[in-house]
Structures are given as C-alpha cells and as structure tokens.
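Heads up: the structure comes next, in structure tokens.
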C-alpha cells in the first residue's frame, strides 16, 4: 500500500496545529510539525531576537523535510504541519513526487479578524514557547494573515476554523482517507 503525505498548512493562528494533531491521532500516522521541531531547537540552542528565531525556523523546516523524506522512503506515511512559505511549494511538490504515494493538502483558514484576535491572545497569554516571540510578531500581524498556504497539486481540503466547535475532525479524517485511497 502506498504511503500518504498529508500537508496541513495555513496562516499563523489558523488552527493548523490543532487540526494536524487531531488528524494524526485519528489516522494513526506520525505528525511532523515545524513549530514542535523549532521548540526543541529553542530548548537546545536558546533563543534571542527575530533573526535567531528565523534561523531556527529555517533549521526546523530542514529537519521537517528530512524526516518526511525518511518516512516516505521507507513506505511510512506522515503529516507535515507548518505555515509554509511560498518558496517551499516546489519542495513540497517534489516531496510528493518522490515515489508512489498519495498526497493531500489540508488548508486551514479563518476570518481575518478571528486570526488577529487569536494572535493577540497567543501573545498576551504566552500560550506558546517564548522563543516564538509572539509579542513581537503582533507588529507583523497583517503579513501573517495571508501567508502559510501551499498546494501539492493534488487534492485540497479547505477547513474553516473560524468557529472551532464546528470543525468536524472525523469528517476531515474520512475525507483524507477517501482522497488517499485508505479505508
């Protein structure tokens, strides 16, 4: 049976981590999340200013792609979750074409005002690792709202997370299974 690559993408505050984590549990496949890798790097190497955060972010992306390549090369499926930059679309597409596999993109989004509020709360309440420098990111909030979406060129599922209680993870998991040929 072909492995599957599920890419969960979208803007900061779009609900990617929540959706990806729940999908990983429902589909019983490993999740490789950029921010989780970045937090390990923060804890190992420390953190400081935005430049250091960006460097560690770049390293986390490299680790994420490396781990995905290793999983897929052995026939294992995986979920990748991140706010992918536009220049990563080609790399994701190449990953999806590394061999026989089924690939699907799950793009999370929410109303821009909801995204702004989530990012504000995240910064004010310290809901993430301090190395993410969320308070500083608030100054860039408008740029963050439109970023993070890529497509693999295959099936695309759009998930609106504006009202989290309306997100039906069982339905999303069923649709991913259907699109990847898994039952």
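The values are calculated or read from the model by the stated rules, or taken from the named source; none is laboratory data. Because the structure is a prediction, the values reported are computed rather than measured. Note: ideal-geometry Cβ built from the backbone for every residue, glycine included; neighbour counts use all protein chains shown.
For the stretch 131-151, the set of residues classified as assigned to a helix (DSSP H, G or I) and either at pLDDT 80 or above or over 25 Å from residue 51 (Cβ atoms) (or both) consists of 131 only. With respect to being surrounded by fewer than 18 Cβ atoms within 10 Å (Cβ to Cβ), touching a strand residue (DSSP E or B) at 6+ places or on another chain (Cβ under 7 Å) and either at pLDDT below 75 or in a loop (DSSP other than H, G, I, E, B) (or both), residue 154 fits the description. Within the stretch 1-34, the set of residues being outside any helix (DSSP H, G or I), within 10 Å of the chain's Cα centre (by Cα) and surrounded by fewer than 20 Cβ atoms within 10 Å (Cβ to Cβ) comprises just one member, 31.
Would you check if residue 122 is part of a helix (DSSP H, G or I), under 21 Å from residue 7 (Cβ atoms), modelled with pLDDT of 80 or more and touching a helix residue (DSSP H, G or I) at 6+ places or on another chain (Cβ under 7 Å)? So residue 122 fails the test. Of all positions in the stretch 95-114, at least one carries a residue that is modelled with pLDDT under 85 and within 21 Å of residue 19 (Cα to Cα).
Scanning the stretch 1-35 for residues that are under 18 Å from residue 127 (Cβ atoms) and out of contact with any helix residue (DSSP H, G or I) (no Cβ under 8 Å at 6 or more places or on another chain) yields 16, 20, 21.
Selection of the stretch 163-183 for residues being modelled with pLDDT of 70 or more, outside any helix (DSSP H, G or I) and more than 17 Å from the chain's Cα centre (by Cα) yields 163, 168, 181.
Residue 91 satisfies every condition listed in (1) buried (at least 20 other Cβ atoms within 10 Å of the Cβ); (2) assigned to a helix (DSSP H, G or I) except (1). Mind checking whether some residue in the stretch 35-51 is under 27 Å from residue 168 (Cβ atoms) and either surrounded by 20 or more Cβ atoms within 10 Å (Cβ to Cβ) or touching a residue at least 24 places away in the same chain (Cβ under 8 Å) (or both)? Yes - at least one qualifying residue is present in the stretch 35-51.
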